[in-house]
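The values are calculated or read from the model by the stated rules, or taken from the named source; none is laboratory data. All figures in this text were calculated on a predicted structure; none of them were measured in a lab. Cβ: placed from backbone, ideal geometry, glycine included. Neighbour counts: every protein chain shown.
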Amino acid sequence: MVTFQYNGHRFDINWSGWTGKETIFYDGRVVSDLRNLTSFTSRHEFDVIEEGQTTRYLFIMAEFGQDIEGRRNGLLFYSRSKGGVLVPESYRAEREERGEPRIIKETIIKEITLVVCPHCGHRNDSSNRKCERCSASI
Ligand SMILES: [Zn+2]
């Protein structure tokens, strides 16, 4: 599972190599949900309203969730490949290439990898050795 913030919105991307289930949460609610067992890549597309505008998000997932590419209205804003590489700079560059206005607000992207406690199901930061809620080893 990967969690990050982008432009004040929170994304939780969840996948299971066992069941092939992939779920995307936007500000805590499910916006895309599918099961991917047969193809190498899957597409998650959904619309949300941001600042009064319909905004389309597309996430392409591959390698059972290890590789994720995120696009907002067609423009790349998030990229993760195994280690966790983020490319907000390319999003800004693509906008400028198209002559779209610069993003004035500073973009803050932070990625946290969460580990689900096998004992109680609590989501813990991957740096934790013990579950914050039940103290089981994780
Ligand atoms: Zn626990």
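Counting just the residues of the stretch 55-86 that are modelled with pLDDT of 90 or more and of a type in the set (A, V, I, L, M), which one comes out nearest to Arg35 (Cα to Cα)?
Going through the qualifying residues, I end up with Ile60.
Only one residue in Gly70, Gly8, Gly17 is on the phi > 0 side of the Ramachandran plot and not hydrophobic (A, V, I, L, M, F, W, C), so which one is that?
That would be Gly8, the only listed residue that is on the phi > 0 side of the Ramachandran plot and not hydrophobic (A, V, I, L, M, F, W, C).
When Glu94 is evaluated against the numbered criteria (1) surrounded by 15 or more Cβ atoms within 10 Å (Cβ to Cβ); (2) over 16 Å from Trp15 (Cβ atoms); (3) modelled with pLDDT of 75 or more; (4) not polar (S, T, N, Q), which criterion, by number, is the only one it fails?
Glu94 satisfies every listed condition except (3).
Out of everything in the stretch 123-138 that is in a loop (DSSP other than H, G, I, E, B) and at pLDDT below 85, what residue ends up being nearest to the ligand (Cβ to nearest atom)?
The qualifying residue nearest to the ligand (Cβ to nearest atom) is Ile138.
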